[in-house]
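Some notes on the structure that comes next.
Values quoted throughout were computed directly from the atomic coordinates according to the rules given, and no laboratory measurement underlies them. The model shown is predicted, which means the values in this text are computed figures rather than measured ones.
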Amino acid sequence: MKKIVFFIALIASVGVYAQEKSPSYEIEGEIVKATFYHNNGEVSQTGFFVDKKLHGEWKMYNESGKKIAMGQYENGVKTGKWFFWKDAGLSEVDFANNQIAKVIEWNNAEAVVLTK
């Protein structure tokens, strides 16, 4: 009887694990659109690849589907403004040469500028 209960539990756990979504890829000419998922099935990231490098707009989401980050890649390098949402605040991060050049913290409609 214990073997039967164990076998049923094993089959049930494999069924739950198999329901997790794998990354999906869509080919659009020379661009590949990628979508990655959290274990609960919600989208975790969306973006594009060109020549196997991150390229274009990328968006990231938390496990409940709320956007937490957004920015641009150019040939695998972070570039321009990136935005990071957390609780009631927003961080605006400027990238130059794949390094942080400037950070602005937005909180309750007041900006505080932080420089590196």
Non-local residues with an amide H under 5 Å from the amide H of Phe95, with H modelled 1.01 Å from N and Pro and chain starts lacking one, are Gly80, Lys81, Trp82, Ala101
By the gyration tensor of its Cα atoms, with a ≥ b ≥ c the square roots of the eigenvalues, what is the shape of segment 28-115: rounded for a/c under 1.5, prolate for a/b over b/c, or oblate? oblate
Each residue of segment 72-80 in turn: what ³J(HN,Hα) in whole Hz from Karplus with 6.51, -1.76, 1.60 and θ = phi - 60°, glycine and Pro shown as x? 10, 10, 10, 6, x, 10, 5, 9, x
Added length on full extension, which subtracts the Cα-Cα distance from 0.36 nm per residue, Phe36 to Asp51: 3.5 nm
Those aspartates and glutamates that a straight Cα-Cα span of less than 12 Å connects to Lys53, excepting residues fewer than 8 apart in one chain: Glu30, Glu74
